[in-house]
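The values are calculated or read from the model by the stated rules, or taken from the named source; none is laboratory data. What you see is a predicted model; the values in this text were computed from it and never measured. With ideal geometry, Cβ positions are generated from the backbone for all residues, glycine too; neighbour counts draw on all protein chains shown. Side chains are part of the model used for accessible areas, which takes the heavy atoms of the whole protein and leaves out ligands, DNA and RNA. Shrake-Rupley method; radii C 1.70, N 1.55, O 1.52, S 1.80 Å.
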Amino acid sequence: VQLQAYGGGLVQAGGSLRLSCAASGSIFSIGLMGWYRQPPENPRELVAAITRGGSTNYADSVKGRFTISRDNAKNTVYLQMNSLKPDDTAVYYCNAEVVGTDFWGQGTLVTVSS
């Protein structure tokens with residue numbers, strides 16, 4: 001299973017970005033999908049996760065600003081990020097659980113300037 005993330009970039013504070021992550025390969029069914037991020041010199045942390053049925057979970061720091069969604073037919077997960085803050089600057093990684101195994105995308109850099 002391969003995960004390919006898109007959509008990172010440089011944005012001013014208050015702006016928006018949309019990340020996408022598509023899974024490919026020998027996939028029967030993807031379970032939980034999510035986005036994590038790793039700020040400079042900090043550990044990786046969960047940003048948001050979504051079950052196959054659409055139930056979501058968010059880190060407190062992004063609630064009300066970020067929205068996670070998925071398209072099961074396309075094996076794709078999205079992260080709509082609004083009202084971005086400099087503290088959101090990080091490498092964002094997508095994650096997918098397939099038959100009990102976690103797979104990771106390559107990471108996409110999001111930089112929010114003040």
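Observations on the model:
- Restricting Ala23, Ala49, Ala59 to residues that are more than 22 Å from Ser113 (Cβ to Cβ) and at pLDDT 95 or above narrows the list to Ala49.
- Of residues in the stretch 43-52 being in contact (Cβ under 8 Å) with a residue 12 or more places away in the chain and outside any strand (DSSP E or B), the one farthest from Thr67 (Cα to Cα): Arg44
- Within the stretch 89-114, tally of residues that are outside any strand (DSSP E or B) and open to solvent by 60 Å² or more (accessible area, probe 1.4 Å): 4
- In the stretch 15-36, the residues that are in a loop (DSSP other than H, G, I, E, B) and either within 16 Å of Ala90 (Cα to Cα) or open to solvent by less than 50 Å² (accessible area, probe 1.4 Å) (or both): Gly15, Ser16, Ile27, Ser29
- Condition met for Leu3 (at negative phi and under 10 Å from the mean Cα position of the chain (by Cα)): no
- Residues of the stretch 53-67 that turn out to be hydroxyl-bearing (Ser, Thr, Tyr) and part of a strand (DSSP E or B), as a count: 3
- Here Glu41 passes the criteria (1) of a type in the set (D, E, K, R); (2) open to solvent by less than 40 Å² (accessible area, probe 1.4 Å); (3) at positive phi except the one numbered (2).
- Residue in the stretch 81-88 that is surrounded by 14 or more Cβ atoms within 10 Å (Cβ to Cβ) and part of a strand (DSSP E or B) present: yes
- Test: Val47 is of a type in the set (A, V, I, L, M, F, W, C) and either surrounded by 15 or more Cβ atoms within 10 Å (Cβ to Cβ) or under 23 Å from Leu10 (Cα atoms) (or both): yes
- In the stretch 68-80, the residues that are assigned to a loop (DSSP other than H, G, I, E, B) and open to solvent by less than 20 Å² (accessible area, probe 1.4 Å): none
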